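**Student:** Have a look at this one before I ask anything.
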Amino acid sequence: MIAKKTEFEQLHKYVEKSLGNEKNICEITAIKNGSVVYEGYWHGYRRGDTLNIMSVTKSIMALLTGIAIDKGLIKSVDQKVLGFFPDYRVKRGEKTIYDVTLRHLLTMTAPYKYKSEPWTKVCTSDDWTKAALDLLGGRKGITGEFKYSTLGIQILSGIIANASGMKVIDFVNTFLFEPLGILRHTNKEDRTKEEQFKFLRCKAPKGNVWYADPQNVNTAGWGLALTANDLAAIGLICLQKGIYNGKKIVSEEWINALSTPYIDLDERFGNMSYGFLWWIIDANKQIYAAIGDGGNIIYVNEAKGVCVGIAGTFKPRIFDRVQFIQKKIEPLL
């Protein structure tokens with residue numbers, strides 16, 4: 001049963017007056033059984049305004065990987081990463097990199113040669129994919145250990161570009177955004193650290209853009225700007241097992257694969273599990289999500305036919321919006 005109008009109005013006031021974790025929310029879209037049942041906007045945002053969805057970008061990359069596999073551009077998730085970069089010169093003495101596969105990237109079990117991510121080194125380089133490849137591998141070998149990496153996943157964007165022969169921005173526009181009615185995006189190409197911080201922290205709408213490096217390869221870990229409506233539409237693809245408006249966007253097999261728990265995580269990650277760049281909240285109840293800093297999220301509850309998209313401005317230490325959805329939104333649906 002869908003909530004009454006007054007209950008949705010109470011939800012709107014709750015967010016509007018929030019001084020806590022919900023105060024940075026700008027947009028919410030909720031879908032039940034294929035139809036939008038709630039839209040909300042705050043802080044001057046209106047329908048069509050986009051925000052940097054942060055690490056939700058990673059989960060979009062997972063969908064693009066599935067589309068590339070469906071089209072035969074990538075054979076399988078067990079292909080070796082280096083096979084997509086025949087011109088890359090491996091550093092002397094490095095052996096581990098030869099055994100890294102797409103599966104390692106998608107499950108965040110790829111090994112990297114750093115203790116903390118070298119943001120400035122990678123994000124001010126001329127080729128972010130090459131800079132990420134330079135970090136891949138190491139003396140410990142492939143341990144299967146979960147190592148969440150925003151910079152390392154940039155390699156996946158290079159793989160999509162090289163496998164398809166297309167710019168990633170053209171690939172996503174053609175095979176994901178246009179079929180969903182999402183406006184065409186263009187590359188955002190700021191070069192300096194200062195410009196990137198401004199994009200991150202500015203609270204104004206971003207436009208229909210996706211960050212890209214000097215090689216026009218889009219950022220795989222952050223930097224895609226979408227609306228909550230867009231996020232909910234992408235969630236609906238998952239709910240409908242790859243189908244949108246009667247058209248297959250990605251295979252049912254891939255939706256099942258990305259929402260399968262491969263690694264169980266500890267309390268640092270909310271005791272969730274990890275699929276293919278998607279967080280598994282409850283495998284038994286078929287609940288999973290794309291989650292980014294600032295509480296940006298695509299929440300999918302297959303059992304209840306519910307998906308929710310939330311977009312907000314950057315705010316440190318706000319990550320998991322799941323409890324808010326389950327306590328304040330899902331009961332209304």
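**Student:** May I ask you to list the residues in segment 281-297 that are over 18 Å from VAL15 (Cα atoms) and in contact with a helix residue (DSSP H, G or I) (Cβ under 9 Å, 6 or more places away or on another chain)?
**Tutor:** Passing the criteria: ILE281, ILE287, TYR288, ALA289, ALA290, ILE291, GLY292.
**Student:** Still on this structure, please answer the following. Among the residues of segment 220-240, which ones are in contact with a strand residue (DSSP E or B) (Cβ under 9 Å, 6 or more places away or on another chain) and part of a loop (DSSP other than H, G, I, E, B)?
**Tutor:** Passing the criteria: TRP222, GLY223, THR227.
**Student:** Still on this structure, I have one more. Taking segment 194-208 on its own, how many of its residues are touching a residue at least 40 places away in the same chain (Cβ under 8 Å) and out of contact with any Cys (no Cβ under 7 Å at 6 or more places or on another chain)?
**Tutor:** Of the residues in segment 194-208, 8 are touching a residue at least 40 places away in the same chain (Cβ under 8 Å) and out of contact with any Cys (no Cβ under 7 Å at 6 or more places or on another chain).
**Student:** Being buried (at least 20 other Cβ atoms within 10 Å of the Cβ), hydroxyl-bearing (Ser, Thr, Tyr) and modelled with pLDDT of 95 or more is the requirement here; does SER164 meet it?
**Tutor:** Judged against the criteria, SER164 is not a match.
**Student:** Looking only at residues in segment 100-132 that are among the hydrophobic types (A, V, I, L, M, F, W, C) and over 20 Å from the mean Cα position of the chain (by Cα), which one is farthest from ASN218 (Cα to Cα)?
**Tutor:** Out of the qualifying residues, it is VAL100.
Every residue, every condition in (1) of a type outside the set (Val, Ile, Thr); (2) in contact with a Cys (Cβ under 8 Å, 6 or more places away or on another chain); (3) buried (at least 17 other Cβ atoms within 10 Å of the Cβ); (4) in a loop (DSSP other than H, G, I, E, B), yes or no:
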site: PHE8; (1), (2), (3), (4): yes, no, yes, no
site: GLY20; (1), (2), (3), (4): yes, no, no, yes
site: THR29; (1), (2), (3), (4): no, no, yes, no
site: HIS43; (1), (2), (3), (4): yes, yes, no, yes
site: THR57; (1), (2), (3), (4): no, no, yes, no
site: ILE69; (1), (2), (3), (4): no, no, yes, no
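**Student:** If you don't mind, there's one more thing I want to ask. Which pairs have Cβ atoms under 9 Å, sit 6 or more apart or on different chains, and link a residue in segment 105-130 that is assigned to a loop (DSSP other than H, G, I, E, B) to one that is among the acidic types (Asp, Glu)?
**Tutor:** Sorted first by the residue in segment 105-130, then by its partner, the pairs are THR109/GLU145; PRO111/GLU145; LYS113/GLU94; LYS113/ASP134; SER125/ASP213; ASP126/ASP213; ASP127/ASP213.
**Student:** Being out of contact with any Pro (no Cβ under 7 Å at 6 or more places or on another chain), of a type in the set (Phe, Trp, Tyr) and in contact (Cβ under 8 Å) with a residue 40 or more places away in the chain is the requirement here; does TYR41 meet it?
**Tutor:** no
**Student:** Are any residues in segment 66-89 within 14 Å of GLU253 (Cβ to Cβ) and of a type in the set (Lys, Arg), and if so, which ones?
**Tutor:** LYS71
**Student:** Among the hydrophobic types (A, V, I, L, M, F, W, C), at pLDDT below 95 and in a loop (DSSP other than H, G, I, E, B): is that true of PHE276 in this structure?
**Tutor:** Working: among the hydrophobic types (A, V, I, L, M, F, W, C): yes; at pLDDT below 95: no; in a loop (DSSP other than H, G, I, E, B): yes.
Criteria not met by PHE276.
**Student:** From the list ILE159, ILE142, ILE169, which residue is part of a helix (DSSP H, G or I), touching a residue at least 12 places away in the same chain (Cβ under 8 Å), more than 14 Å from PHE84 (Cβ to Cβ) and not charged (D, E, K, R)?
**Tutor:** Going through ILE159, ILE142, ILE169 in turn, the sole match is ILE169.
**Student:** Here are some residues: LEU156, LEU135. Which one is touching a Gly at 6+ places or on another chain (Cβ under 7 Å), buried (at least 20 other Cβ atoms within 10 Å of the Cβ), modelled with pLDDT of 95 or more and within 23 Å of TYR98 (Cα to Cα)?
**Tutor:** So the residue among LEU156, LEU135 that is touching a Gly at 6+ places or on another chain (Cβ under 7 Å), buried (at least 20 other Cβ atoms within 10 Å of the Cβ), modelled with pLDDT of 95 or more and within 23 Å of TYR98 (Cα to Cα) is LEU135.
**Student:** Further question on the same structure: Failed condition for THR227, given (1) more than 23 Å from ARG47 (Cα to Cα); (2) among the polar types (S, T, N, Q); (3) touching a residue at least 40 places away in the same chain (Cβ under 8 Å), with all others met?
**Tutor:** Evaluating THR227 over (1) more than 23 Å from ARG47 (Cα to Cα); (2) among the polar types (S, T, N, Q); (3) touching a residue at least 40 places away in the same chain (Cβ under 8 Å) leaves (1) as the failure.
**Student:** Let me ask something else. Taking the criterion of being modelled with pLDDT of 95 or more, under 30 Å from GLU330 (Cβ atoms), of a type in the set (Ser, Thr, Tyr) and in a helix (DSSP H, G or I), would at least one residue in segment 84-104 satisfy it?
**Tutor:** For segment 84-104, residues modelled with pLDDT of 95 or more, under 30 Å from GLU330 (Cβ atoms), of a type in the set (Ser, Thr, Tyr) and in a helix (DSSP H, G or I): absent.
**Student:** Based on this model, can you work out whether ALA257 counts as modelled with pLDDT of 95 or more, surrounded by 21 or more Cβ atoms within 10 Å (Cβ to Cβ) and either within 18 Å of ILE67 (Cβ to Cβ) or not polar (S, T, N, Q) (or both)?
**Tutor:** Working: modelled with pLDDT of 95 or more: yes; surrounded by 21 or more Cβ atoms within 10 Å (Cβ to Cβ): no; either within 18 Å of ILE67 (Cβ to Cβ) or not polar (S, T, N, Q) (or both): yes.
When the stated conditions are applied, ALA257 does not pass them.
**Student:** Only one of these conditions is not met by PRO179: (1) assigned to a helix (DSSP H, G or I); (2) surrounded by 18 or more Cβ atoms within 10 Å (Cβ to Cβ); (3) in contact (Cβ under 8 Å) with a residue 40 or more places away in the chain. Which number is it?
**Tutor:** (2)
**Student:** Still on this structure: Which one is farthest from ARG184 (Cα to Cα), of the residues in segment 204-219 that are assigned to a loop (DSSP other than H, G, I, E, B) and among the hydrophobic types (A, V, I, L, M, F, W, C)?
**Tutor:** Only one residue fits best here, namely ALA204.
**Student:** I've got another one for you. Given the options VAL37, VAL15, name the one that is farther than 21 Å from SER149 by Cα, in a helix (DSSP H, G or I) and at pLDDT 95 or above. Reasoning before the result, please.
**Tutor:** Details: VAL37 fails: in a helix (DSSP H, G or I).
One residue alone meets the criteria, VAL15.
The values are calculated or read from the model by the stated rules, or taken from the named source; none is laboratory data. None of the values given here were measured: they were computed from a predicted structure. In this analysis, Cβ positions are derived from the backbone assuming ideal geometry, glycine residues included, and neighbour counts consider all displayed protein chains.
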